[in-house]
Amino acid sequence: MPATIKTSGNSGAEDRFIELFCDTFGAEKGQYVYLQYPTVDIYGGHRFIDFALKMPDGRIAIEVDGNTWHDPGSVSQDKYHDDLLKQNSMVFDGWKVYRWTSAQIDRNPERVKDELVTFLGQNPLFQYIEDAMPVQSGKAFALMDHQEEALQNLLKMRETDSIALLYHATGTGKTVTAVTDAKRFGKRTLFLAHRHELVEQALNTFRNIWPEVTAGVYEGSTRQKDAYVVCGSIQSVSQNLEDFSPDDFAYMIIDECHHGTAETYRKVMSYFRPEFTLGLTATPERADGEDLLEVFQHVAHRLDLKEAVETGTLCPVRCIRIRTNIDMRDVRISGFKYNTQDLESTIRVPARNQLLVDTYCEYVSGKPTVVFCASVRHAEEITDLFREKGIEAWCVSGNTKPGDRKRILQDYEAGRIPVLCACDLLNEGWDSPHTEVLFMARPTMSKTIYMQQLGRGMRLYPGKEFLMVFDFVDNANMFNAPYSVHRLLGIGEYVPGGLVLGRKHQVQYDMDLFRKGEKPEVLVDYPVHMTGFETVDLFNWQEQAKDMISQVEFTRMVDKQSETIERYIREKKILPDMEVPVSEHKKFLFFRKETVQNYAKEFGWTLITKDNMKNIFMDMAKTMTMSYSYKPVFLEAFLDCMDETGCARLDEVTDRFAKFYEDRIAAGLPAEKKNCIFTKGSYTKKDVERLILSMPFKRFEDMHVMHHAKQLGTIQFYKTLYRQLSEEDKASIRKWCEAGIRKYFD
């Protein structure tokens, strides 16, 4: 059995990596990053991934290691082989793994940023990691002779279930039943199929049965994405998810859903978050033996906390906020993570630790409790304080030996241990239905981590009416405040011990009781002596920034270079709507959409969006004005060298570009104007490369349709544009380039 590896690595290099991540994708994307994500290798050993991300097409593991980490000459053979086991286990478990060393991050940060864009994309679609959340509940049933009976079944099951499977032989009216049910549901609908004929059939059925709403097609080059009902091909939708928001559709229908284990279906179903999903199939039994409903439930997105509690899948949650005298206002942040040293020195103080133990003794003595701690040392210190009070507490973390860990968790679930002090005890299939109380003693700016911690204690258990959460509220500033239940759920009023998650209308009922000076009977076992309301400051810059435009995105939206935007900001010609200070000398800037539109109008800049990017580029390629012939020659050379992903090596493009002019000279034709390097002669390949980057390529870069990865030596179309270019479009571009070259030299 391999030894347990580090619980936190090169914190300095990891903090610097976070800065590069924020510079590349925007600080608002940090809310999707899970730091020190716990996982298990193939032998059951507990490991930690430095940074974990989820995207529609899979999970991403990013490791930042010391410079000798993978050198068998600098570390022991056992250590080297053990690290290989960790990586192989991650790959086996379906992770895409990317690694950098601290030396790369320190010495060549621009290369790391280029590689991040290459691996993850220019505008990646990150998602929350929801491993702790339950799967959709659902039922499968056959279509009866009378469709009305099927419709009544669907109506009834929606009271408790969020996913259904409808099966029967082909031609028995499944599509009509589904469309009729969608109309009765009355909300925006997405219909997906894998063949053109099925998409067309569904479109006609919707238009006949539900003519009151617009119905459009999303397939190939036809993208009527704003229709109330969208009938799309699974291939087109999966390749263009950025055209949609996860919450765009309340009802989703998957035709021929026995294909549901295919990657495209997984990608789409895990991305969208409909209120109800209906699968249609004539083949309820899969040839490979998988139970289709179970596959369907697991492929679909996980229920969120509110949905799961309202449907009775998870238990209700109450909250008590305990204020500390700890001052976190000067704790630095690196975008979305507290500076490790600052946080350790701030919260690992005896008074705060003692407050945790005193709170347990006053409010919940004897109740099964998990205390989430900030580090292994923090957990060990609090465990010692509990034991000094005569309370049987145990510390468990990634450093705990597997055998000891298993025994401790078993003793806790059996009631022999009342208190667990846990560090990173989250993602290894561990849930604790037995737990009645959570102490949130680990300040975190990660929504994902807070949700994971909360979800671990929300399983149902006989006699357990609710989970009580104690939020330990430290004094923070408006930009480095950690998550709490109220901030997570957007609840602006705090009532001591009041419901924050419950069945429908229960939360409001609880608040009404407290307003009358009454207390719910369920709190008799908790000596909640605090009275009155408290207003909770819900300002959360990460949530605010989610609907705003970062400086990184601003630069991509207008036909100007980043240097121009930066200069206008320095000169106060452009003022941000929100500034987020992350250190003494650095801020993240965010803008409202209308602010960007107004500045574009004021300065005469063209606004480039994913909707108009292709049209702008094609119009420019068709009507390009030329003082030199460089643009069409460059475009032809780039298309000649481009691979199937829209990327080409700059040196190959340079050779092809130069060959055009050299062939003209060899044929006795003028190459270009007198001041052109080809006319002058005595040029180097580097001169040609500089010419390309400074003139024709720069125009396309300013339009934000092409990107130069300097460190990788490549140029490429932005993926958003490249996915929209058909073979016919590329042929048209070549035709326009040839016509432009003829016209220029004529």
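The values are calculated or read from the model by the stated rules, or taken from the named source; none is laboratory data. Computed from a predicted model, the values in this text were never measured in an experiment. Cβ atoms come from the backbone with ideal geometry, glycine included; neighbour counts cover every protein chain shown.
Tell me which residues, restricted to region 540-578, are hydrophobic (A, V, I, L, M, F, W, C) and over 19 Å from LYS698 (Cα atoms).
TRP541, ALA545, MET548, ILE549, ILE569, ILE574, LEU575, MET578
Could you check, for region 191-202, whether at least one of its residues is more than 28 Å from GLU242 (Cβ to Cβ) and part of a strand (DSSP E or B)?
No, that holds for no residue.
Just checking: which of the helices (runs of 4 or more DSSP H) contained wholly in region 91-165 hold 2 or more residues that are aliphatic (A, V, I, L, M) and within 30 Å of THR313 (Cα to Cα)?
Filter on region 91-165 gives 147-157.
Looking at ARG407, ARG459, can you tell me which residue is more than 23 Å from ASP525 (Cβ to Cβ) and either modelled with pLDDT of 85 or more or among the β-branched types (Val, Ile, Thr) (or both)?
ARG407
Note down all Cβ pairs under 8 Å where the first residue falls in region 89-104 and is free of Cβ contacts under 8 Å to residues at least 12 places away in the same chain, the second is surrounded by 13 or more Cβ atoms within 10 Å (Cβ to Cβ) and aliphatic (A, V, I, L, M), and they're at least six residues apart or on different chains.
VAL91/VAL97; GLN104/VAL112
Quick one: in region 509-550, which of the residues that are without any contact (Cβ under 8 Å) to a residue 60 or more places away in the chain, of a type in the set (S, T, N, Q) and under 24 Å from VAL582 (Cα atoms) is surrounded by the most Cβ atoms within 10 Å (Cβ to Cβ)?
ASN540
If you take the residues in region 227-252 that are of a type in the set (Gly, Ala, Ser) and assigned to a loop (DSSP other than H, G, I, E, B), which one is surrounded by the fewest Cβ atoms within 10 Å (Cβ to Cβ)?
SER245
Counting only residues that are surrounded by 15 or more Cβ atoms within 10 Å (Cβ to Cβ) and in contact (Cβ under 8 Å) with a residue 24 or more places away in the chain, give me the helices (runs of 4 or more DSSP H) lying completely in region 623-704 with at least 1 of them.
Helices (runs of 4 or more DSSP H) meeting the threshold: 630-641, 650-666, 685-694, 696-702.
Quick one: in region 714-746, which of the residues that are of a type in the set (A, V, I, L, M, F, W, C) and farther than 17 Å from ASP643 by Cβ is modelled with the lowest pLDDT?
PHE745
Can you name every residue in region 720-746 that is outside any helix (DSSP H, G or I) and under 15 Å from SER629 (Cα atoms)?
Listed by number, the list holds a single entry, ASP746.
Looking at GLU219, GLU200 in this structure, which one is surrounded by 15 or more Cβ atoms within 10 Å (Cβ to Cβ), over 26 Å from MET157 (Cα atoms) and acidic (Asp, Glu)?
GLU219
Does VAL552 fit the bill of being of a type in the set (Val, Ile, Thr) and over 25 Å from ALA308 (Cα atoms)?
yes
Give the number of residues within region 39-75 that are modelled with pLDDT of 85 or more and closer than 24 Å to TYR265 by Cβ.
Result for region 39-75: 9.
Quick check on region 563-579. Is at least one of its residues touching a residue at least 40 places away in the same chain (Cβ under 8 Å) and exposed (fewer than 15 other Cβ atoms within 10 Å of the Cβ)?
There is no residue in region 563-579 that is touching a residue at least 40 places away in the same chain (Cβ under 8 Å) and exposed (fewer than 15 other Cβ atoms within 10 Å of the Cβ).
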